[in-house]
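Visitor: One structure, as structure tokens, below. Some questions next.
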Amino acid sequence: MLEPLNEGFLSRLSDLLLCRWTCRHCCQKCYESSCCQSSEDEVEILGPFPAQTPPWLMASRSSDKDGDSVHTASEVPLTPRTNSPDGRRSSSDTSKSTYSLTRRISSLESRRPSSPLIDIKPIEFGVLSAKKEPIQPSVLRRTYTPDDYFRKFEPHLYSLDSSSDDVDSLTDEEILSKYQLGMLHFSTQYDLLHNHLTVRVIEARDLPPPISHDGSRQDMAHSNPYVKICLLPDQKNSKQTGVKRKTQKPVFEERYTFEIPFLEAQRRTLLLTVVDFDKFSRHCVIGKVSVPLCEVDLVKGGHWWKALIPSSQNEVELGELLLSLNYLPSAGRLNVDVIRAKQLLQTDVSQGSDPFVKIQLVHGLKLVKTKKTSFLRGTIDPFYNESFSFKVPQEELENASLVFTVFGHNMKSSNDFIGRIVIGQYSSGPSESNHWRRMLNTHRTAVEQWHSLRSRAECDRVSPASLEVT
């Protein structure tokens, strides 16, 4: 009797394990097939239980202990079973074990909560440290704006005045009525065959008469105007018309060419400056006209009347001078080369200028030697290429100064002053000091440099050596 009992118990236990994992007939997982489920009761197989027994299953174990004995005694009694000749279990035993398992699973599912609550703790991110400090949220504070905050603004700084007007938005008639500086007639055309730009200065009209510096009276009845032409940003290579004497309606009819590629010309701005010639002081700028060449059909060409607008540059430049310095320590000689000058201030109304350069050696505050170049007639861009040599011992070189003065030759009266620079111990500016320093550091080597001429008053103010010469 004991052997059939154990055999029945083992068969029931195998039925329980096989239904939890696979179907004993088709060897597939139970949740993928329904071959072993009863047609009367639908059984939901959730797979194996987790490693830790859920609380709802633990609570039901105590109540199921008594129920197991009752169900076992009433529903599936442990009676001896006879084995078939082929060693298989009977169909009645299989149906009984399946029905018992179905009742057990159904009772457990009825007690299982439908949606268990999961308590998830918030995850904290941060740097691990031995001591945690609580972080308090910052309090947003409203900034205080005083009542006079906007009164600190100066509206006139943002308004358009005469010096910063957008003249592009004004017509020529509006510009003429506002500034009353006159109008200029000119034309441009580009020659693609020879790759040069031709600028023709035709005439001007309604130019204002010259006014004295204090504005109390007119210096003279008429101006002596001329026009300077350049292609910005290059202001060094400029052209200049002749001076028209005592007229407010000058007629120039002069042409000037600029050797420049076509694509480069389109990136330039044509600047025409009308200047009033003054023999006794620096020339005064009357007005200017600027035309971006990208807005003009250069190949087709054209001519325009443009109203003059004020220029920020009230006075024209005095010109530039190209010099070369060389010192020979063994011979104790200071060699000076006056190479050329360009865009010198015009001193003669009719024939430009007859410029020459005077070179004076000053040791300390004492004039030692004076030399000068020849003068070239009727030009403001003279080429000299003349060399001069001064005897200067090496121990006296650091106390030496060279004063370069450009004059316009005048046979009837004293020569006309054009401009001056001082190079050496008492240099007249940073550019001159740099040229002298380079010469001292490179003995036996010629050092060339361009210098912008300065007025007599400016040189006398910054250089004691300028006061020692005439």
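The values are calculated or read from the model by the stated rules, or taken from the named source; none is laboratory data. These numbers come from a predicted model, not from an experiment. With ideal geometry, Cβ positions are generated from the backbone for all residues, glycine too; neighbour counts draw on all protein chains shown. With ligands, DNA and RNA removed, areas are computed over all heavy atoms of the protein, side chains included. Shrake-Rupley method; radii C 1.70, N 1.55, O 1.52, S 1.80 Å.
Visitor: State all residues of the stretch 223-271 that are in contact (Cβ under 8 Å) with a residue 60 or more places away in the chain and hydroxyl-bearing (Ser, Thr, Tyr); if no residue qualifies, say none.
Guide: Ser223, Tyr226, Ser238, Thr257
Visitor: Sticking with this structure for a sec: Checking Val299 against (1) assigned to a loop (DSSP other than H, G, I, E, B); (2) within 26 Å of Asp348 (Cα to Cα); (3) open to solvent by 20 Å² or more (accessible area, probe 1.4 Å): exactly one of these is not met. Which one?
Guide: Tallying (1) assigned to a loop (DSSP other than H, G, I, E, B); (2) within 26 Å of Asp348 (Cα to Cα); (3) open to solvent by 20 Å² or more (accessible area, probe 1.4 Å), Val299 fails exactly one: (2).
The rows are residues; the columns are (1) at pLDDT 90 or above; (2) assigned by the TED database to the domain that holds Asp172.
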| residue | (1), (2) |
| --- | --- |
| Val199 | yes, yes |
| Glu203 | yes, yes |
| Ser216 | no, no |
| Val227 | yes, yes |
| Lys239 | no, yes |
| Arg255 | yes, yes |
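Visitor: If the requirement is being touching a strand residue (DSSP E or B) at 6+ places or on another chain (Cβ under 6 Å), assigned by the TED database to the domain that holds Ile423 and small (Gly, Ala, Ser), which of these qualifies: Ser311, Ser324? Can you show your working first?
Guide: On the way: Ser311 fails: assigned by the TED database to the domain that holds Ile423.
Step by step, each of Ser311, Ser324 is checked, and only Ser324 is touching a strand residue (DSSP E or B) at 6+ places or on another chain (Cβ under 6 Å), assigned by the TED database to the domain that holds Ile423 and small (Gly, Ala, Ser).
Visitor: Please determine whether any residue of the stretch 443-453 is without any contact (Cβ under 8 Å) to a residue 60 or more places away in the chain and not basic (Lys, Arg).
Guide: Applying the first criterion (without any contact (Cβ under 8 Å) to a residue 60 or more places away in the chain) to the stretch 443-453 yields none.
The answer is no, given that none of the residues of the stretch 443-453 is without any contact (Cβ under 8 Å) to a residue 60 or more places away in the chain and not basic (Lys, Arg).
Visitor: Taking the condition of being within 28 Å of Gln346 (Cα to Cα) and touching a His at 6+ places or on another chain (Cβ under 8 Å), how many residues in the stretch 429-470 meet it? Please lay out each step first, then the result.
Guide: Residues of the stretch 429-470 that are within 28 Å of Gln346 (Cα to Cα), as a first pass: 429-433, 435, 448-470.
Filter once more, so that each one left must be touching a His at 6+ places or on another chain (Cβ under 8 Å): 431-432, 435, 449, 451.
Final tally of qualifying residues: 5.
Visitor: Open to solvent by less than 80 Å² (accessible area, probe 1.4 Å), at pLDDT 80 or above, over 35 Å from the mean Cα position of the chain (by Cα) and outside the structural domain of Gly378 (by the TED database): is that true of Phe186 in this structure? Reasoning before the result, please.
Guide: Working: open to solvent by less than 80 Å² (accessible area, probe 1.4 Å): yes; at pLDDT 80 or above: yes; over 35 Å from the mean Cα position of the chain (by Cα): yes; outside the structural domain of Gly378 (by the TED database): yes.
It is true that Phe186 is open to solvent by less than 80 Å² (accessible area, probe 1.4 Å), at pLDDT 80 or above, over 35 Å from the mean Cα position of the chain (by Cα) and outside the structural domain of Gly378 (by the TED database).
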